[in-house]
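The values are calculated or read from the model by the stated rules, or taken from the named source; none is laboratory data. Computed from a predicted structure; not experimentally measured. Every residue, glycine as well, gets a Cβ built from its backbone with ideal geometry; the counts of neighbours run over all protein chains shown.
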Amino acid sequence: MSSKVIHALYDDDDVLLKAVKEVKAAHHHIEEIYTPFPVHGLDKAMGLEPTRLGITAFMYGLTGLGFAVWFLNFIMIQDWPQNIGGKPSFSFAENMPAFVPVMFEMTVFFAAHLMVITFYMRSKIWPFREAENPDPRTTDDHFLMEVAVEGDEDKIASLLKGTGAVEINVKEKH
Amino acid sequence: MGHYEAPIREAIITGDKSYHDITVDVAAPIEGKANKKWWIAFIISLVAFLWGVGAIAYTIGTGIGVWGLNNRINWAWDITNFVWWVGIGHAGTLISAVLLLFRQKWRMGINRSAEAMTIFAVVQAGLFPLIHMGRIWDGFYVLPIPNQLGSLWVNFNSPLLWDVFAISTYLSVSLVFWWTGLLPDFAMIRDRATKPFQKKIYSLVSFGWSGKAKDWQRFEEVSLVLAGLATPLVLSVHTIVSFDFATSVIPGWHSTVYPPYFVAGAVFSGFAMVQTLLLIMRKVSNLEYYITRVHIENMNKVILVTGGIVTVAYLSELFVGWYTGSSYEDFVYLSVGAATGPYWWAFWSLIICNSVIPQLFWFKKIRTNYIWTFIISIFINIGMWFERFDIIVINLSRGHLPSSWTMFSPTFVDIGIFIGTLGFFFVLFLLYARTFPVIAQAEVKSILKSTGDNYKRAREGGDPVEKTIAEVVEQKVEAQTVTPAEEIIADTDDKAAQTSNLLDTLGAFDPNTQQADDLKKVKGIGPVMEKTLNQIGIYTFAQVSKMTKKEYDLLDSITGSFPGRAERDDWAGQANKLKS
């Protein structure tokens, strides 16, 4: 297997989408696509699995809620129960209505922050990380499709040209 | 094509923009130099901020006694300012979260700045409870951590503590939401940056964002879920702020209508502040094509609705106060007693600024007029400050013990801290306007084809510009084959001859007298092409602008890279614009 990749640059999102379908139909492997903005339907066209981040957010939210219940119960009921303004502190259930705001805030806090941290970890984005887009124009107005070269290089190149690419570069894969 | 939008919807990106134009327009305020007006505004804000710092230092050094508080009125400007700033901090999340859930495209031109405003406003708000503690070094007592008092915990039955949790969750989640949305836009600035320092900074803050398909998929999911989380969050924050008052037994505060009424008031004041800021910003930063009349009108409609809710709440408070027949209810902030009493001016400021003047927005002429909108938004900002002042000071000024009835007069320290927060807010916002991409350009690009005026015109007029994708592809392929790449096999002598030929028409570049331009600004010229052009001897826009069909062909045969590109992208036309 060759270690070469072809970078096909497009300057229109609709042309790119059509090209993705054609390249897939010709059974070439799309390594990666870099786009300046979210192109709707691109993940489906490329055959990417749906993301599970929404599910993790739900689980993180439950964690936050669970933590809040434990924490409020420990502080207000177990460790040092106090009579404050006559609000009952004999059991968690009795005192619970006063805890709803904090329980809610902690649920949101956990869900939001842990989901975003998960996103950063999974996509490998964090401070001091080097960008990987091969061409700086892909954050401006160009869409770059990276196709693995397997077999005839010229054939793939001409296929890509036929899909409306505005520029085609063959690169050694690093 | 999937970009159809009903023709009745007005275009919200005007000026016939392309993707590249959006990049250039958003990057312009960052890459350009600050003008004189910016410096004047910045210095005034900085002075105000420093005055505030002095006033805060004096308060902390001497004690809360330096404020105008007295026995009866033990909360005044501090909490007024706190609630006012928190309220302003509501529009950002409302725009970016609630309008995202409702798929309102017009949010995209304004959400970035509205969120920035939110964060900066919440920072100001957060200052007041901290200062109000008096002994700020004991501030950690509000945190649920064991401290030197033994394991005496904070009181989770208290709305004041709920507020600590609500505000800090709101601030941190808004910040993360904002920053995540900023990553692709910082990446865009990073990839355009030419100065090494700039490049370093924007690489750092963009977290190495590369725009991979999977990342975008996750990005969109995260935005959606964060919007879903932030929507109840933003409603909870001002609800909890209102609990600070509503759970007390002071007449005028003890009111079950407070939570919804506070939330509506917060949105009302937040949108007014967005109008105030953006109407200036769209002029100063040349964003008229992205923040249009449609945006202004839509925001004015939100102001009209939330202003209406607030007015209904005022009327119900007035009615209920009167209907109880209780003499104590006759001096609450919305009562005949307040309207005719010593605080009549504060009462009427509230009514006129919040309930009367915004009604002008029923006239389409007024709500689509920039100047009128700006003036009315200032009135609303003032009116909403008075609302909080009235709730706090008027209600406290009279109580069950007539001998203690009194008035509040602020000291120079009260005023100084308020002015200081205004200064701090504008310092932050002005710095933001010069260093951050103030329009969510990635998102705006994603709606360009459905709502850009050039695309809309093409669709509606059945203009031939609007083509099917197949036709677009065909056109692109044709353009490539003008000179097939295989035919360009020229020997080196030939190339050298062509190069000198080319430079004859374009003019040579003299590095001693001329300055090289950043040719990458031209759409279609990347770093590689720039290097090639430089090798040939082309360094300036002036040279590029002289190119015609003949020169393009020559260039193609010299470089041998993708033919026909330069002509299609009209490098000369672009360079001509950039030259000036």
Practice prompt. Mind counting the residues in the stretch B:408-430 that are in a loop (DSSP other than H, G, I, E, B) and out of contact with any helix residue (DSSP H, G or I) (no Cβ under 6 Å at 6 or more places or on another chain)?
Written response: 2
Worksheet item: With the stretch B:1-120 as the region, which helices (runs of 4 or more DSSP H) entirely inside it contain at least 1 residues that are among the aliphatic types (A, V, I, L, M) and closer than 14 Å to B:Ala440 by Cα?
Response: B:19-31
Item to complete: Tell me which residues, restricted to the stretch A:131-161, are outside any helix (DSSP H, G or I), over 19 Å from B:Ala479 (Cβ atoms), of a type outside the set (A, V, I, L, M) and in contact (Cβ under 8 Å) with a residue 60 or more places away in the chain.
Response: A:Asn133, A:Pro134, A:Asp135, A:Asp140, A:Glu146, A:Glu150
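How many of the residues in the stretch B:152-208 are in a helix (DSSP H, G or I) and either of a type in the set (Phe, Trp, Tyr) or in contact (Cβ under 8 Å) with a residue 60 or more places away in the chain (or both)?
Initially, the stretch B:152-208 is screened for residues in a helix (DSSP H, G or I), giving B:159-192, B:196-205.
This time we only want the ones that are either of a type in the set (Phe, Trp, Tyr) or in contact (Cβ under 8 Å) with a residue 60 or more places away in the chain (or both), so: B:159-160, B:162-163, B:165-167, B:169-170, B:173-174, B:177-179, B:181-182, B:184-186, B:188-189, B:192, B:197, B:202.
Going through the stretch B:152-208 one residue at a time, the tally reaches 24.
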Worksheet entry | Test set (1) outside any loop (DSSP other than H, G, I, E, B); (2) surrounded by 18 or more Cβ atoms within 10 Å (Cβ to Cβ); (3) at the interface with chain B (Cβ under 9 Å from one of its Cβ atoms) - A:Gly54 fails condition number | (2)
Worksheet item: How many of the residues in the stretch B:200-247 are surrounded by 20 or more Cβ atoms within 10 Å (Cβ to Cβ), more than 7 Å from chain A (Cβ to nearest Cβ), of a type in the set (Val, Ile, Thr) and under 11 Å from B:Ala97 (Cα atoms)?
Response: 1
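Residue by residue, here is whether (1) surrounded by 15 or more Cβ atoms within 10 Å (Cβ to Cβ); (2) free of Cβ contacts under 8 Å to residues at least 24 places away in the same chain holds:
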site: B:Trp39; (1), (2): no, yes
site: B:Asn74; (1), (2): no, no
site: B:Gly89; (1), (2): yes, no
site: B:Arg107; (1), (2): yes, yes
site: B:Arg112; (1), (2): yes, no
site: B:Ile136; (1), (2): no, no
Worksheet item: Do you know which of the residues in the stretch A:142-162 that are buried (at least 22 other Cβ atoms within 10 Å of the Cβ) and within 11 Å of another protein chain (Cβ to nearest Cβ) is farthest from A:Asp12 (Cα to Cα)?
Response: A:Leu160
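Take B:Trp385 and tell me if it is assigned to a helix (DSSP H, G or I), out of contact with any Cys (no Cβ under 7 Å at 6 or more places or on another chain), in contact (Cβ under 8 Å) with a residue 60 or more places away in the chain and crowded, with 16+ Cβ neighbours inside 10 Å. Before the answer, list the steps.
Working: assigned to a helix (DSSP H, G or I): yes; out of contact with any Cys (no Cβ under 7 Å at 6 or more places or on another chain): yes; in contact (Cβ under 8 Å) with a residue 60 or more places away in the chain: yes; crowded, with 16+ Cβ neighbours inside 10 Å: yes.
Yes, satisfied.
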Worksheet item: Only one residue in A:Asn83, A:Asn73, A:Asn169, A:Asn95 is in contact with a Pro (Cβ under 8 Å, 6 or more places away or on another chain) and more than 7 Å from every other protein chain (Cβ to nearest Cβ). Which one?
Response: A:Asn95
Item to complete: Specify the residue that is nearest to B:Ser206 (Cα to Cα); the eligible residues are those in the stretch B:456-470 that are within 14 Å of another protein chain (Cβ to nearest Cβ) and either at pLDDT below 75 or surrounded by 22 or more Cβ atoms within 10 Å (Cβ to Cβ) (or both).
Response: B:Ile469
